[in-house]
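Here's the structure we're looking at; comments come further down.
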Amino acid sequence: MKKVILSIAVVVAIGLTSCKNEAKLTETTETTEAVMEIAMAEANFGVRGNCGMCKTTIERAVNGVEGVANANWDVDKKKIDVSFDDTKTNEMAIHNAIAASGYDTEKVAGDLSAYDELPGCCKYDHDMEMNQTAPKESEGNSEENH
């Protein structure tokens, strides 16, 4: 009889302990998510480039920076939008990563040896406008209509 009572007590103790740990796990997860929301920063700036291959290379360079959560380069606007953890990186590190891959940004000129290694379709005009608000064709059409 003593063994049965002892066994029941052990099972109840284990059950209560596991429920208590589940509550702690949920609380820790919520705290971590709140901290992640606070630490995220966003940046957008101009990057020179021409095509879909440029997009792949530029985004790969940015996503290779520790702390970057998301990068999207707009081919038409010559502009990149980046979300990153500002406790792990900063905007200049992102500019430098893009420049190291051969592309000019608003703040850093692209590495010329990396630029020379780019495919022919990716050899952009070093004087092209960046961070445009609308594609050039739209602007041209509106001027013609006036």
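The values are calculated or read from the model by the stated rules, or taken from the named source; none is laboratory data. This structure is a prediction, so every number in the text was calculated from the model and none was measured. Here the Cβ positions follow ideal geometry from the backbone for every residue, glycine too, while neighbour counts run over all protein chains shown.
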Q.
Take the residues in segment 99-115 that are part of a loop (DSSP other than H, G, I, E, B) and in contact with a His (Cβ under 9 Å, 6 or more places away or on another chain); name whichever of them is surrounded by the fewest Cβ atoms within 10 Å (Cβ to Cβ).
A. Ala109
Q) So which residues in segment 59-98 are over 12 Å from the mean Cα position of the chain (by Cα), surrounded by 14 or more Cβ atoms within 10 Å (Cβ to Cβ) and polar (S, T, N, Q)? A) Asn96
Q: Check off (1) of a type in the set (A, V, I, L, M, F, W, C); (2) modelled with pLDDT under 90; (3) in a helix (DSSP H, G or I) for Met130 and give me the number that stays unchecked.
A: (3)
